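The values are calculated or read from the model by the stated rules, or taken from the named source; none is laboratory data. Keep in mind that what you see is a predicted model, and the values were worked out from it rather than measured. So basically every Cβ, Gly included, is an ideal-geometry build from the backbone, and we count neighbours across all protein chains shown. Keep in mind that these areas ignore ligands, DNA and RNA; they rest on the heavy atoms of the full protein, side chains included. Shrake-Rupley method; radii C 1.70, N 1.55, O 1.52, S 1.80 Å.
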Amino acid sequence: MKILITGGAGFIGSHVVRGFLNNYPTYKIFNLDKLTYAGNLENLKDIESNVNYKFILGDIVDGAFINDLFTKHQFDGVIHLAAESHVDRSISNPLEFVFTNVIGTVNLLNAAKNIWNGNHEGKRFYHVSTDEVYGSLGTEGLFTESTSYDPHSPYSASKASSDHFVRAYHDTYGLPVVISNCSNNYGSFQFPEKLIPLCIHNIKNEKALPVYGDGKYTRDWLWVADHARAIDLVFHQGKNGDTYNIGGFNEWQNIDLIKELCRIMDQKLGREIGSAEKLITFVKDRPGHDLRYAIDATKINKELGFMPSVKFEEGLEKTVEWYLANDEWMNNVTSGNYKKYYEGQYSNR
Ligand code: NAD
Ligand code: DAU
């Protein structure tokens, strides 16, 4: 099987690429990535010389390039993760999200439709999406696969739009598609604009921990390698045209999560317990901030046997250990442009 993975140099994509290469030694894995600020080939150093792996530098927004690539390689499967993924950046630059997340997705759908040309035996287009398309929950309830879409940020609106296009290509052209909508991931190689690595980095450097609003916003956290395992299951066993919600059954209010991180960091750094918590700083809220996300992952559990394998407290500790042991990775990604982004994002809060 020849599989195109898009966004394989990013956080989740790098875990998916590694998982597929390790689990399927007969597959050829092509990783197409533009290497934006979030894409980093250092995330894949351990597998870059695998004979079944090929990296392709390219932009999914470039339709002609995408068509040529599909014609040249005749992929059997696509696992599409490439995206602009950070909500705060979507608030300051929504168009970039429309280009990559919407137009980029439609370019890939078109290219797959053209090369498969109605012959769909053994073919699959897998679109990796997010729970944010469902909008926000109150204090009760869970997102199921039939929850109506209600996106609030430019990021989630662009992902919702891409999901609709994927389903439209299934319904209109019979494209063999599958979609999953996952909750918040955490683990190694996550870019430190996102809450957990940002806090780890700031605690280490004794900088303020910016908590948006009252900190009572709630997210459902999943170990990234568990998400990669779920993606493997959905890719191989998911039903054509179906959607699978993926989650950790693991809800945390941001403030409690940050306090838990503070405790682990104080312990690992040999600092007095309580010193990291002093860095907590309540700042201006994110506009349109969704109160709560929580996934009902019954379908993927019942149909494909998926269960998260890593307990959150254990995963969080492993995550902290990984970031502390990979100082060089952190220093490389937080230099240059990241510094500018950070100063702009947090200067008026
Ligand atoms: P990320 O930002 O870490 O990585 C995105 C990757 O896409 C980067 O390697 C980047 O270089 C690449 N990319 C961006 N624009 C591109 C373009 N125009 N052409 C080619 N490559 C491009 O993102 P992530 O957190 O790993 O998320 C991956 C996917 O999973 C996204 O589709 C996201 O919506 C979805 N998702 C993420 C989470 C999460 O918690 N991080 C949860 C659910 C779903
Ligand atoms: O739910 C899945 C989504 O999870 C993915 O689709 C997105 O790609 C991914 O970025 C993530 O989105 P969130 O907005 O939930 O993640 P983020 O890490 O940006 O924020 C998590 C929570 O922490 C959220 O309630 C906002 C809050 N926050 C975030 C940052 C960066 C803070 O309080 N302070 C911060 O500095």
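Name the single residue that is nearest to ligand 1 (Cβ to nearest atom) among those in the range 207-235 being among the charged types (D, E, K, R) and open to solvent by 10 Å² or more (accessible area, probe 1.4 Å).
R219
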Any pair with Cβ under 9 angstrom, 6 or more apart, that starts in the range 132-146 at a residue that is within 19 Å of P287 (Cβ to Cβ) and ends at one that is open to solvent by 50 Å² or more (accessible area, probe 1.4 Å) and aliphatic (A, V, I, L, M): S136/L291; L137/L291
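Okay, residues lined up against (1) surrounded by fewer than 20 Cβ atoms within 10 Å (Cβ to Cβ); (2) farther than 22 Å from I115 by Cα; (3) hydrophobic (A, V, I, L, M, F, W, C):
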| position | (1), (2), (3) |
| --- | --- |
| Y24 | yes, yes, no |
| I29 | no, no, yes |
| L32 | no, no, yes |
| L44 | no, yes, yes |
| D68 | yes, no, no |
| A82 | no, no, yes |
Criterion first (among the β-branched types (V, I, T), away from ligand 2 (no atom under 13 Å from the Cβ), more than 30 Å from N23 (Cβ to Cβ) and open to solvent by 40 Å² or more (accessible area, probe 1.4 Å)) does T144 satisfy it? no
Please list, ordered by first then second residue, the pairs with beta carbon atoms under 6 Å, 6 or more apart or interchain, first in the range 233-258 and touching a residue at least 24 places away in the same chain (Cβ under 8 Å), second open to solvent by 60 Å² or more (accessible area, probe 1.4 Å) and more than 16 Å from ligand 1 (Cβ to nearest atom). Q253/K216
Can you confirm whether the range 333-340 contains a residue that is modelled with pLDDT under 95 and of a type in the set (F, W, Y)? yes
Give the range 1-16 a look and list any residue that's assigned to a helix (DSSP H, G or I) and not hydrophobic (A, V, I, L, M, F, W, C), or say none. G13, S14, H15
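Can you tell which of G58, G39 is within 16 Å of ligand 2 (Cβ to nearest atom), touching a strand residue (DSSP E or B) at 6+ places or on another chain (Cβ under 9 Å) and without any contact (Cβ under 8 Å) to a residue 60 or more places away in the chain?
None of the other options fit; the residue is G39.
Among the residues of the range 173-206 satisfying the criterion of being in a helix (DSSP H, G or I) and open to solvent by 10 Å² or more (accessible area, probe 1.4 Å), which is farthest from W322 (Cα to Cα)?
Checking each candidate, the answer is Y173.
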Residue among G58, G13 that alone is surrounded by fewer than 20 Cβ atoms within 10 Å (Cβ to Cβ), within 15 Å of ligand 1 (Cβ to nearest atom) and over 23 Å from G118 (Cα atoms): G58
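Yes or no, residue by residue, for (1) within 15 Å of ligand 1 (Cβ to nearest atom); (2) open to solvent by 50 Å² or more (accessible area, probe 1.4 Å); (3) not in a strand (DSSP E or B):
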| position | (1), (2), (3) |
| --- | --- |
| I103 | yes, yes, yes |
| A111 | yes, no, yes |
| I115 | no, no, yes |
| N119 | no, yes, yes |
| H127 | yes, no, no |
| E132 | yes, no, yes |
| E140 | no, yes, yes |
| P151 | yes, no, yes |
| S156 | yes, no, yes |
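Considering every residue within the range 180-196, establish whether at least one is away from ligand 2 (no atom under 12 Å from the Cβ) and farther than 26 Å from W221 by Cβ. Show your work before the answer.
Within the range 180-196, the first condition is being away from ligand 2 (no atom under 12 Å from the Cβ), and the residues that meet it are 187-189.
With the extra rule that they be farther than 26 Å from W221 by Cβ, the set shrinks to none.
For the range 180-196, residues away from ligand 2 (no atom under 12 Å from the Cβ) and farther than 26 Å from W221 by Cβ: absent.
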Kindly provide the set of residues from the range 158-171 that are farther than 30 Å from D285 by Cα and either open to solvent by less than 50 Å² (accessible area, probe 1.4 Å) or within 15 Å of ligand 1 (Cβ to nearest atom) (or both), ordered by number. F165, V166, A168, Y169
